Amino acid sequence: MPFVAAPNIIECQFRGTLDGQQVMNRIHVNVTGTPTEGDCATVAAAAAQWWLDNVQDLVVVTASLREVFCKSLEEENGPQASFTAGLPASGTIDLDGLPNNCALCVSLRTGLSGRSARGRWFWYGFADTQANGSTVVGGVRDSIDAAMTNLLAVIEALSALWVIVSFIHNGAPRAGGPVYFVVTNIVIIDDTIDSQRRRLPGRGN
């Protein structure tokens, strides 16, 4: 779809690899003002440090973070910044990993109903010891939940808001522009590992 401006919003992309396959999660951050290059750099650096502090020890060595890329969505050719210092960084669990398509869906909740008012983060990089069949081991689930909750705290510490940006409603662009929903809670609905087929080797992100 053509570019649609989202004032005050920075898109933050966690770009990584899993066993050689490119993978990515992205979130949207409301900096409550027109984003600058400095804002993008600050968010990118904080996001990368969060990964090192909270994710690295929970994923296998074949999972890595290679870059955090942030860009303003306020204008099409707006400011951007990329954080790569000390990266790529790999997970620390030196065990056999589950196939690339295996991921746990973490639900991002805003306290409001409707699909537009919630988002998802796909956690990848599981060791085979972190799952029992198709189910994530309970202690691992708790650690993932804590890590994602810490990301919410990191964003709030920047005096910013983690938001879900909704551009479409009922299959059409929203009249008046996108609507923002503030993420207030992280929820893992079940322990079942999902299959993200696009993350199989050779299929893209």
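Assorted remarks:
- Rel. contact order, % - alpha carbon contacts under 8 angstrom, at least six apart, region 42-90: 42 percent
- Taking label positions 7 Å along the Cα-Cβ direction at both ALA89 and ARG66, the computed distance is 1.7 nm, reported to one decimal.
- Treating r as the C-beta distance of THR36 and ASP194 and R0 as 35 Å, the FRET efficiency rounds to 0.40.
- Projected label points at ASN185 and ASP57, each 7 Å from Cα along the beta carbon direction, are separated by 2.8 nanometres.
- Neighbour-limited loop hits for GluC sites (Glu not before Pro), region 60-115 (at most 12 other Cβ within 10 Å; DSSP other than H, G, I, E, B): GLU76
- With the gyration tensor restricted to C-alpha atoms of region 57-134, the semi-axes of the equivalent ellipsoid amount to 28, 22, 8 Å, longest first.
- Maximal additional length on extending the ARG120-SER107 stretch stands at 4.2 nm, based on 0.36 nm per residue less the C-alpha distance.
- Degrees separating the helix 138-157 axis from the principal Cα axis of the chain, which is the longest one: 30 degrees
- Dipole check for the chain: with +1 at the C-beta of Lys and Arg, -1 at the C-beta of Asp and Glu, and the Cα centre as origin, the magnitude is about 660 Debye.
- For the chain, the equivalent ellipsoid derived from the Cα gyration tensor has semi-axes of 28, 19, 16 Å, listed largest first.
- Think of region 91-161 as having a plus end and a minus end, set by charges on the Cβ of Lys, Arg, Asp and Glu; of VAL140, LEU161, LEU104, LEU161 sits farthest toward the positive end of this dipole.
- Ranked packing of 108-119, 20-31, most packed first, by mean Cβ within 10 Å: 20-31, 108-119
- Once the C-beta distance of ALA153 and ALA5 is scaled by a Förster radius of 22 Å, the resulting FRET efficiency is 0.15 to the nearest 0.05.
Values quoted throughout were computed directly from the atomic coordinates according to the rules given, and no laboratory measurement underlies them. This structure is a prediction, so every number in the text was calculated from the model and none was measured. Cβ: placed from backbone, ideal geometry, glycine included. Neighbour counts: every protein chain shown.
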